[in-house]
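Here's the structure we're looking at; comments come further down.
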Amino acid sequence: MNPGGWLFLTISWSFIIVLCVYCLYRIFSKKEGLD
Amino acid sequence: MLYHGIKGGIERFCGIAMPALVIFGILIAARVLLLGIPDILKPDWNALNGMGFLWNPDLTMLKDPKVWLAAAGQIFFTLSVGIGVILTYASYLKKTDDVVLSGLTAAGMNEFAEVILGGSIVITAAFVFFGPAGAQEVAKSGSFNLGFVTMPAIFGKIPLTAVFGFLWFMMLFLAGVTSSVSLAQPAVAFLEDEFSLSRKKALGILTVVFFVLCQPAIFFLGKGVVDEMDFWGGTFCLVLFATIETVLFTWVFGMDKAWEEMHHGAELRIPRAYKFIMRYVTPLFLLVILGSYVLSKGGRDRILMASVPDADKPYILGVRLMLLGIIAVLILMVRNAWRKKQGGAG
């Protein structure tokens, strides 16, 4: 894999993982708040 | 599943199927990424180079309108935009439900499944076992061959074939069923709501319709029928309908009203710049994608069936007439339902 490939992979995977973690955190913290 | 409705059927099934699908996906992706170098005579055929095959950028491809259309069609298909699924599900939400967080989560999880998991499995595995030329052939062979021919051939070459074969086909089954019920739900809801049919009756009619309409895909698979249906139904029309939906939402319904609706009950605030993006950039961008594809050589060849063998042309034409017929019937049904409603209101 060339440096361009690494760059695209790192940016995409990091963005997606951070987005998923953030959304799941917001959802579960919201549910706990309602209880 | 559909008979038991959204909550009792689809939601209950997806509550089990989706986590199972993600776990199976993680297990298979981990196995593929740990394949190492199966053939010591070909040290370049490894998982890292397989990932490179997928991720190394080739910016010249950005000039090809087909790539833009395929990318737009792919994201609309996986997010169920442009086919009425999201509209149908949204109609069951309460006014105060948080659509911003739900939408963002759905988009994030979708990308996790298709980019991180999906992107690590098929092409990477094909590269490790068949090399760059083989992986290219595999990528061109279409999704049916990828799922049902290439992957079983790959699993046949690694230990625990039966275990990974089971995980793979179970994952395909769960993905297929969860998508199918979602795709069928708008039609069920339409017949129930607009023609006052019972769910049992609506499902009975749709079962017959679906059974008849899927026969060409089974009997004429080798004639390019599935590819043709997939292009028009799963790519081109999705982008076209999503463009129409965007225009209706932001111009006809109104951007200010739409903005207010989106933020009812939402904890997150969408950056205000998206007002401009949704109203001007998105429809214009989609229109440019559609227009440049239709005017490109690839688009003209597709429309005029230039690359279709003469023997297959009647089948391809038949598919197009069938799709046009379905659209015509749907327009008539919507018109009748609309008139009925207007008559009732009057």
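A short reminder: the numbers here are calculations on the coordinates, not readings from a lab. Small disclaimer: the values here were computed from a predicted structure and weren't measured. No Cβ is skipped: glycine too gets one built from the backbone with ideal geometry, and neighbour counts run over all protein chains shown.
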Fluctuation leader among B:VAL115, B:VAL32, B:VAL138 - chain B, Gaussian network, Cα springs under 10 angstrom:
B:VAL115
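Under the rule of -39500 (n - 2.57) per DSSP H run of 4 or more residues, summed and divided by the residues of chain B, what mean residue ellipticity at 222 nm is obtained, to the nearest 500 deg cm²/dmol? Don't skip to the end; give the middle numbers.
Working: 17 runs with 230 residues, N = 346.
Result for chain B: -21500 deg cm²/dmol, rounded to the nearest 500.
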Using only Cα positions of region B:243-346, each an equal point scatterer, no hydration layer, compute I(q)/I(0) via Debye at q = 0.10, 0.13, 0.18, 0.19 Å⁻¹ and quote the log10 values to two decimals.
-0.56, -0.83, -1.02, -1.04
Between B:CYS237, B:CYS214, B:CYS14, find the one with the highest GNM mean-square fluctuation for chain B; connect C-alpha pairs within less than 10 Å.
B:CYS214
List the extent of the Cα atoms of region B:213-299 along each of their three principal axes, largest first, rounded to whole Å.
50, 32, 22
Could you give me the radius of gyration and the Dmax of region B:75-194, taking only the C-alpha atoms into account and expressing both in angstrom?
18.0, 54
Which residue, B:ILE123, B:ILE37, B:ILE316, tops the fluctuation ranking in a GNM of chain B built on C-alpha contacts under 10 Å?
B:ILE37
Scoring region B:48-186 by relative contact order with C-alpha pairs under 8 Å, at least six apart, yields a percentage of 31 percent
From the residues A:CYS23, A:ASN2, B:ALA135, which one has its Cα farthest along the dipole of the protein assembly as shown in the positive direction, the dipole being from +1 and -1 charges on Cβ of Lys/Arg and Asp/Glu about the Cα centre?
A:CYS23
Rounded to the nearest 20 debye, what is the charge dipole size of region B:124-256 about its Cα centre when +1 sits on each Lys and Arg Cβ and -1 on each Asp and Glu Cβ?
540 debye
Could you size up the charge dipole of the protein assembly as shown around its Cα centre, putting +1 on the beta carbon of Lys and Arg and -1 on that of Asp and Glu, and report it in debye to the nearest 20?
760 debye
Cα gyration tensor of chain B - equivalent ellipsoid semi-axes, whole Å, descending:
36, 25, 24
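Would you mind estimating how fast the protein assembly as shown diffuses translationally, via Stokes-Einstein at 20 °C and 1.002 mPa s with the Kirkwood radius over Cα pairs, in µm²/s?
Values: Rh = 23.4 Å.
My calculation gives 92 µm²/s for D.
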Entries of B:LYS94/B:LYS201; B:LYS95/B:LYS257; B:LYS7/B:LYS340; B:LYS223/B:LYS313; B:LYS7/B:LYS257; A:LYS30/B:LYS257 with Cα pairs more than 20 Å apart:
B:LYS94/B:LYS201; B:LYS7/B:LYS340; B:LYS7/B:LYS257; A:LYS30/B:LYS257
Furthest towards positive pole of dipole, B:MET61, B:GLN74, B:VAL99, structure part region B:58-101, Cβ charges:
B:VAL99
List the lysines whose Cα lies under 17 Å from the Cα of B:LYS42, skipping any in the same chain that are fewer than 8 positions away.
B:LYS157
Stretched out fully, how many nm does the piece from B:LEU34 to B:LYS157 gain, at 0.36 nm a residue minus the Cα gap?
42.9 nm
To the nearest 20 debye, what is the magnitude of the charge dipole of chain B about its Cα centre, counting +1 on the Cβ of each Lys and Arg and -1 on the Cβ of each Asp and Glu?
740 debye
B:SER307, B:SER80 arranged by Cβ crowding within 10 Å, fewest neighbours leading:
B:SER307, B:SER80
Given the candidates B:LEU27, B:ASN145, B:VAL247, the one whose Cα lies deepest towards the positive end of the charge dipole of chain B, counting +1 at each Lys or Arg C-beta and -1 at each Asp or Glu C-beta, is B:VAL247
What ³J(HN,Hα) values, in whole Hz, does the Karplus curve 6.51 cos²θ - 1.76 cosθ + 1.60 give for region B:238-255 when θ = phi - 60°, with x put for Gly and Pro?
5, 5, 4, 5, 5, 5, 4, 4, 4, 5, 4, 5, 8, 9, 7, 5, x, 5
As straight-line cross-link partners of B:LYS66, the qualifying lysines (C-alpha separation under 21 Å, not fewer than 8 residues apart within one chain) are B:LYS140, B:LYS297
Inter-site label distance for A:TYR22 and B:GLN215 at 7 Å from Cα along Cβ, in nm:
5.2 nm
